[in-house]
Amino acid sequence: MRLKFYLTPILIVIFSIFIFSCSSKPSGAKTINIDNTQVSVYFSPNGGASDAIIREIDHAHSFIDIAMYAFTSRPIGQAVIDAYKRGVKVRLVMDVREANTRYSRSRFFYRAGIPIKTLPVEETRFVRGLMHNKFAVIDGKEVITGSYNWTASAEKLNYENLLIIKSQKLADIYEKYFNWMFSIGNNFKPKEDSGY
């Protein structure tokens, strides 16, 4: 009888730990190496993706090319502007409709002098599509990508994923695609009637 009295709370604790470990969201980054390529994985909500993006931007030395569908995050936006001010070359490609939304960081980048191109472009076969990419290339050595838009909602509300991949070969592939989009995009200018 006495043994049963002591075992019951222990079994409840063990069962609770098991249930919570099976149902809890993965937290923080998981970093693995695949064929000598470092890959860090983040999940949201509240999985540290925003901090990871800012950390990578803060360590950029030569350039940051960003293709982002929605970009409303103030902390990430400030990190981009800070990088630009310290001499890092920054370019952006954004969706034309999202770039002109009220909370987009595009107007701050524009005022800072950062080149921004928008897609789709009128008179092209891409008029109906979205510029739906979510990636950045940093210093030609790493790619940040995933479903994660650089928004407060992506960090705090949405179920998203973010990968930071340290690979020059992969960065070269993404950079070629970015350069193509940048070459065909329209120069961004805030619309007068959009509240800017």
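The values are calculated or read from the model by the stated rules, or taken from the named source; none is laboratory data. Because the structure is a prediction, the values reported are computed rather than measured. Note that we place each Cβ from the backbone using ideal geometry, even for glycine, and neighbour counts take in every protein chain shown.
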Hey, ALA67 under 23 Å from SER153 (Cβ atoms), in a helix (DSSP H, G or I), of a type in the set (Gly, Ala, Ser) and at pLDDT 95 or above or not: no
Condition met for ILE57 (of a type in the set (Val, Ile, Thr), out of contact with any strand residue (DSSP E or B) (no Cβ under 6 Å at 6 or more places or on another chain), outside any loop (DSSP other than H, G, I, E, B) and buried (at least 17 other Cβ atoms within 10 Å of the Cβ)): yes
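So that you can scan it fast, the table gives a plain yes or no per residue for (1) surrounded by fewer than 20 Cβ atoms within 10 Å (Cβ to Cβ); (2) part of a loop (DSSP other than H, G, I, E, B); (3) within 17 Å of the chain's Cα centre (by Cα):
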| position | (1), (2), (3) |
| --- | --- |
| HIS132 | yes, yes, yes |
| LEU162 | no, no, yes |
| GLU175 | yes, no, yes |
| TRP180 | yes, no, no |
Qualifying position, being more than 18 Å from the chain's Cα centre (by Cα) and at pLDDT 95 or above, among GLY113, GLY140: GLY113
Residue within segment 184-195 that is crowded, with 16+ Cβ neighbours inside 10 Å, more than 19 Å from VAL88 (Cα to Cα), of a type outside the set (Asp, Glu) and at pLDDT 95 or above present: no
Condition check for TYR148: assigned to a loop (DSSP other than H, G, I, E, B) and either at pLDDT below 95 or surrounded by 15 or more Cβ atoms within 10 Å (Cβ to Cβ) (or both): yes
Single condition VAL96 does not satisfy, out of (1) touching a helix residue (DSSP H, G or I) at 6+ places or on another chain (Cβ under 9 Å); (2) surrounded by 15 or more Cβ atoms within 10 Å (Cβ to Cβ): (1)
Residue within segment 78-88 that is without any contact (Cβ under 8 Å) to a residue 24 or more places away in the chain, farther than 15 Å from GLU155 by Cβ and either buried (at least 20 other Cβ atoms within 10 Å of the Cβ) or not basic (Lys, Arg) (or both) present: yes
Where PRO75 falls short, out of the listed (1) part of a helix (DSSP H, G or I); (2) at pLDDT below 95: (2)
Of all residues making up segment 83-101, the number that are among the charged types (D, E, K, R), under 17 Å from the mean Cα position of the chain (by Cα) and not in a strand (DSSP E or B): 1
Subset of segment 30-45 [in contact (Cβ under 8 Å) with a residue 12 or more places away in the chain and among the aliphatic types (A, V, I, L, M)]: VAL39, VAL41
Residue list for segment 78-103, filter: of a type in the set (S, T, N, Q) and farther than 22 Å from SER183 by Cα: GLN78, THR101
Identity of the residue in segment 151-160, of a type in the set (D, E, K, R) and more than 14 Å from ILE54 (Cα to Cα), that ends up surrounded by the most Cβ atoms within 10 Å (Cβ to Cβ): GLU160
